[in-house]
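Asks: Take a look at the following structure, please.
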Amino acid sequence: MSRFIFALALGLLAANEHGFADAHVVQKFDGVDSNISTATFTVQDKWEVLWFSPRPMNLSVLSTDGTVVAGIHGVFKGSLYIPKGGTFYIQLNSDHPEMRLPWHLVIAEVANGATLSGADANPMLATPGDSNYALPTSVLAPGAVSQSSSPTPGNTPPGQNPNTVSTPQTNPATATPFKLTDDQARAVVLIVGDNAEGTGFLVKTPDGPAVVTNIHVIANNPNLKVTTNTGAVVNVLSVKGASDRDLALLSIQDANYNYLDVSTDISRSVQPGDEVITPGNSQGGEVMLNTSGKVLGIGPERIEFDNPIYHGNSGGPIFHTKSGKVLGVVTEAIKVDTSDDLDKASFSSRNSAISGSMRYFGLRLDTVSSWITIDWHRFQNETTFLDQFHKQSLCLDSYLNAPDNSNGQGDSTSAGDANANLYKTDDRIMKANNGYTQQASGADIAQRIQAARGLVFDLQGIADLDMDQIQNMNNFYTFNQDRARQELAYRKALKKELDAISSNVDRLGSLPRSNN
């Protein structure tokens with residue numbers, strides 16, 4: 001670290017030897033933390049943001065209404081040119097927020113619209129001709145404002161008193177770091193079961209106190225234990241599920257708990273760009289960790305936000321700092337797929353609204369159509385069945401399509417072949433495969449093809465297992481019916497593939513798997 005600081009000092013001294021014409025520094029920001037936003041600043045048309053950090057950063061430029069106007073992912077130095085002026089703020093985050101290393105931002109107006117490039121694009125190694133530019137100021141708290149040295153005559157921005165220091169307007173939603181009060185923090189609970197861990201939070205409903213969480217947190221997880229962050233066990237009396245989404249409501253026995261308020265109409269009270277906090281049981285560590293970020297978008301059922309979340313955060317509240325109310329429930333993270341050329345090009349664009357490799361979503365509470373009382377025994381049997389049905393399909397898919405590791409070197413370990421040997425965990429599939437091996441041993445080509453047809457017949461029987469049960473939607477609660485339909489479509493696709501294999505001699509010959 002001392003070597004880095006020494007190099008940094010040399011860079012700053014060298015900066016005084018460089019300059020670029022037709023540029024004027026409007027504001028500078030410095031810090032050591034990521035996942036924060038700067039104060040707002042106002043610029044004229046044709047301006048740039050320049051940055052440097054010894055670690056890769058994700059940087060987004062947003063207008064005051066929360067609209068992302070430019071952004072870039074995973075870089076440690078560079079510049080973004082924005083042709084149109086206005087009032088903006090900058091959001092910074094990192095894939096490793098636990099690393100505290102200095103970052104530096106410079107906001108510069110460019111007189112002729114020329115993009116600063118090369119060494120000039122690095123604010124650590126280049127100095128604008130404007131004599132306002134000085135060595136980096138002291139580290140800022142998130143949302144604080146950097147104070148530049150006093151402007152000198154002849155370099156004063158238009159309309160500014162040369163004897164005063166300009167202080168950009170502070171964005172009230174981001175200027176002061178926000179945290180839950182002690183009472184609010186005590187309303188967030190830990191949920192631990194046999195097969196999964198998650199988060200929940202305490203609310204008051206017309207029917208009494210309850211814990212809100214995701215259905216998938218409690219599904220196939222029969223022996224639940226719900227505790228406050230002080231260790232007090234919460235006594236669950238009954239369970240309900242939202243009729244149209246992955247939300248659960250656990251009625252509880254009141255014990256003078258603290259409760260969170262739920263927003264009743266976020267469409268009117270919340271705007272993109274509003275700050276939100278997502279406390280939760282990150283990575284199942286049974287410790288409540290808070291992450292902050294902003295609302296990116298609102299749909300009829302879902303909310304998108306940019307707070308980093310982890311396994312264990314599911315079921316936690318999306319807490320709106322402005323209103324002090326819960327907007328929804330942290331539910332899922334989706335990896336951005338840029339395999340399509342169009343998506344790849346859009347993701348790389350500086351104007352892309354999607355600036356990170358992950359997207360984070362929660363479910364709204366204010367638009368749930370109805371809540372359904374859940375029979376706990378039936379619910380656990382139902383979700384266990386769906387999990388087992390899905391695993392059976394995965395094993396069939398692994399046998400039919402995953403690369404056959406026939407080199408005698410053991411299981412494949414590459415990320416792309418993670419499921420190559422999953423079929424070996426299925427006794428039915430292995431029995432069918434071993435049956436083929438016995439029949440084909442020492443047989444001629446015609447006999448081996450006939451044995452392969454027998455193998456396909458056995459696999460078709462495995463694919464038919466439980467099809468009657470999963471096709472009857474009356475066997476599932478409404479919130480599980482979409483999942484049942486998806487599992488049915490997956491299994492039907494596998495059955496169709498098996499039908500095609502049965503009449504394809506080449507595929508029949510390559511179907512049996514090795515037994516390494």
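Asks: Quickly work out the ARG378-to-SER63 label distance, labels modelled 7 Å from Cα along the C-beta direction, and quote it in nm with one decimal.
Replies: 5.1 nm
Asks: Taking 0.36 nm per residue of separation and subtracting the Cα-Cα distance, what length does fully extending LYS495 through ASP387 add?
Replies: Working: separation 108, 0.36 × 108 = 38.88 nm, distance 1.88 nm.
Contour length minus the Cα-Cα distance gives 37.0 nm.
Asks: Moving to a separate point now. Tell me which of VAL239, LEU249, GLN184 sits at the most positive position along the dipole axis of the range 182-371, charges placed on C-beta atoms (Lys, Arg +1; Asp, Glu -1).
Replies: Most positive-ward Cα: GLN184.
Asks: Multiply the residue gap between PHE457 and ALA443 by 0.36 nm, knock off their C-alpha separation, and tell me the result in nm, one decimal place.
Replies: Additional length available on full extension: 3.1 nm.
Asks: Let me ask something else about it. Between SER503 and ASP427, what length comes free when the chain is fully extended (0.36 nm per residue of separation minus the Cα-Cα distance, one decimal in nm)?
Replies: Full extension of this stretch gives 24.8 nm more.
Asks: Let me ask something else about it. With the crude spin-label approximation of a point 7 Å out along Cα→Cβ, what separation in nm comes out for ASP207 versus ASP466?
Replies: 2.8 nm
Asks: Please list 362-375, 469-482, 436-449, 294-307 highest first by mean number of surrounding beta-carbon atoms within 10 Å per residue.
Replies: Order by mean packing, descending: 294-307, 362-375, 469-482, 436-449.
Asks: R0 = 30 Å: FRET efficiency of LEU237 with THR264, Cβ-based, nearest 0.05?
Replies: The formula returns an efficiency of 0.75 here.
Asks: What pairs from LYS240/LYS294; LYS46/LYS294; LYS391/LYS496; LYS179/LYS322 go past 20 Å between their alpha carbons?
Replies: Values: LYS240/LYS294 30 Å; LYS46/LYS294 27 Å; LYS391/LYS496 18 Å; LYS179/LYS322 12 Å.
In this structure, LYS240/LYS294; LYS46/LYS294 exceed 20 Å between Cα atoms.
Asks: If you don't mind, there's one more thing I want to ask. Give, rounded to the nearest 20 debye, the magnitude of the charge dipole that the range 182-371 has about its Cα centre when Lys and Arg contribute +1 at Cβ and Asp and Glu contribute -1 at Cβ.
Replies: Magnitude of the dipole: close to 180 debye.
Asks: What does the charge count around SER238 come to, taking other residues whose C-beta lies under 13 Å from its C-beta (Lys +1, Arg +1, Asp -1, Glu -1)?
Replies: Taking every Cβ under 13 Å from that of SER238, the sum is -1.
Asks: Now a separate question. Could you give the size of the charge dipole of the range 196-285 about its Cα centre, using +1 on the Cβ of each K and R and -1 on the Cβ of each D and E, expressed in debye and rounded to the nearest 20? Intermediate results must be reported in sequence, preceding the final value.
Replies: Working: 5 positive and 9 negative charges, 46 e Å.
Here the size comes out at about 220 debye.
Asks: Points 7 angstrom from Cα along the Cβ direction at THR230 and GLN271: gap in nanometres?
Replies: With each label point 7 Å from Cα toward Cβ, the separation is 3.8 nm.
Each value in this text was obtained by applying a stated rule to the coordinates, not by laboratory testing. Since we're looking at a predicted model, the values are computed, not measured. No Cβ is skipped: glycine too gets one built from the backbone with ideal geometry, and neighbour counts run over all protein chains shown.
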